[in-house]
């Protein structure tokens with residue numbers, strides 16, 4: 001069946017200031033809040049955003065999550 005082959009979980013690349021710093025697994029219908037929570041839980045991503053001010057967040061569902069820090 002076609003509908004059974006569609007994945008419910010996707011791997012989403014996370015960029016910090018334009019550079020890919022990691023990937024997170026999240027549900028296909030996740031919102032920006034869930035993406036942020038999972039990104040902050042990832043050690044590789046956390047070391048680039050910890051102690052910095054988030055200037056902007058860009059979330060394209062199913063494609064990418066970008067965090068601009070200063």
- prompt: How many residues does region 5-17 contain that are loosely packed, with under 10 Cβ neighbours inside 10 Å and modelled with pLDDT of 95 or more?
  reply: 1
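Inspect all residues belonging to region 38-58 and state whether any of them is at positive phi, touching a residue at least 12 places away in the same chain (Cβ under 8 Å) and surrounded by fewer than 10 Cβ atoms within 10 Å (Cβ to Cβ). Before you say what the answer is, go through the steps one by one.
So in region 38-58, the residues at positive phi come out as 51.
Now drop any that are not touching a residue at least 12 places away in the same chain (Cβ under 8 Å), which leaves none.
Scanning region 38-58 turns up no residue that is at positive phi, touching a residue at least 12 places away in the same chain (Cβ under 8 Å) and surrounded by fewer than 10 Cβ atoms within 10 Å (Cβ to Cβ).
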message: Looking at region 31-46, can you tell me whether even one residue there is in a strand (DSSP E or B) and at pLDDT 95 or above?
response: no
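Against the definition (on the phi < 0 side of the Ramachandran plot, touching a residue at least 40 places away in the same chain (Cβ under 8 Å) and over 8 Å from the mean Cα position of the chain (by Cα)), how does residue 10 come out, yes or no?
Values: on the phi < 0 side of the Ramachandran plot: yes; touching a residue at least 40 places away in the same chain (Cβ under 8 Å): yes; over 8 Å from the mean Cα position of the chain (by Cα): yes.
Against the criterion (on the phi < 0 side of the Ramachandran plot, touching a residue at least 40 places away in the same chain (Cβ under 8 Å) and over 8 Å from the mean Cα position of the chain (by Cα)), residue 10 qualifies.
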query: For region 50-67, what are the residues that are more than 13 Å from residue 13 (Cβ to Cβ), out of contact with any helix residue (DSSP H, G or I) (no Cβ under 7 Å at 6 or more places or on another chain) and not in a loop (DSSP other than H, G, I, E, B)?
result: 54, 55, 56
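Just name the residue that is modelled with the lowest pLDDT out of those in region 59-70 that are loosely packed, with under 13 Cβ neighbours inside 10 Å and touching a strand residue (DSSP E or B) at 6+ places or on another chain (Cβ under 7 Å). Steps first, answer last, please.
To start, the set of residues in region 59-70 that are loosely packed, with under 13 Cβ neighbours inside 10 Å comprises 60, 62-63, 70.
This time we only want the ones that are touching a strand residue (DSSP E or B) at 6+ places or on another chain (Cβ under 7 Å), so: 62, 70.
Details: 62: 91, 70: 96.
Residue satisfying both the conditions and the ranking: 62.
The values are calculated or read from the model by the stated rules, or taken from the named source; none is laboratory data. For clarity, every value in this text was computed on a predicted model and none was experimentally measured. Here the Cβ is made from the backbone with ideal geometry for all residues, glycine too, and neighbour counts use every protein chain on show.
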